[in-house]
Amino acid sequence: LTINTKPQKLLTHFEKMMSVAPKSAVAVTITSDLVCPWCWVGLRKLQQASEEAKVDVDITWKPFMLRPNTPQEGQPKGGTPASRVPAGLKAAGNAVGIDFSGLTDRTPNTIDFHATMKFLLD
């Protein structure tokens, strides 16, 4: 087999072929609660991977109440801002550009958030 094309010319041809290929989105379903910090880290990682791979992501959101027994008015978190964020979460957040400061002193009830999302998505 003989190829009469120089490597650079072949690469350019391949790049042109790839640039005209139709893009398709990867379907991803995310089951999450607004108050879940690990969900925010995962979403940011998904966004970064999508950008890096140049792949569109079509996200479908599904509700999940992380703390369904939280009173309507929320509940105090306790501790200090520094003690509210575990070291592993702080590091994971920093790695993707999220500063989990621990300044929020209450855990909210997210039922209104879930009801609003359902209304908006239906």
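Out of the total accessible area of the range 23-81 (probe 1.4 Å, heavy atoms of protein only), what percent is carbon and sulfur?
With neighbouring chains kept in place, the figure for the range 23-81 is 56 percent.
With every protein chain kept in place and ligands, DNA and RNA left out, what is the accessible area per residue of the range 66-108? Probe 1.4 Å, answer in Å².
Averaged over the residues of the range 66-108, the accessible area is 64 Å².
Would you work out the relative contact order for the range 36-122, in percent, from Cα pairs under 8 angstrom that are 6 or more residues apart?
The value is 34 percent.
Compute the FRET efficiency between residue 48 and residue 117 as 1/(1 + (r/R0)^6), taking r as their Cβ-Cβ distance and R0 = 25 Å, and round to the nearest 0.05.
The pair residue 48/residue 117 has a calculated efficiency of 0.60.
The values are calculated or read from the model by the stated rules, or taken from the named source; none is laboratory data. Please read these numbers as outputs of a predicted model, since none were measured by experiment. Quick reminder, even Gly has a Cβ in these numbers, built from the backbone with ideal geometry, and neighbours come from all protein chains shown. Remember, those area values only see protein heavy atoms, side chains included, never the ligands or the DNA or RNA. Shrake-Rupley method; radii C 1.70, N 1.55, O 1.52, S 1.80 Å.
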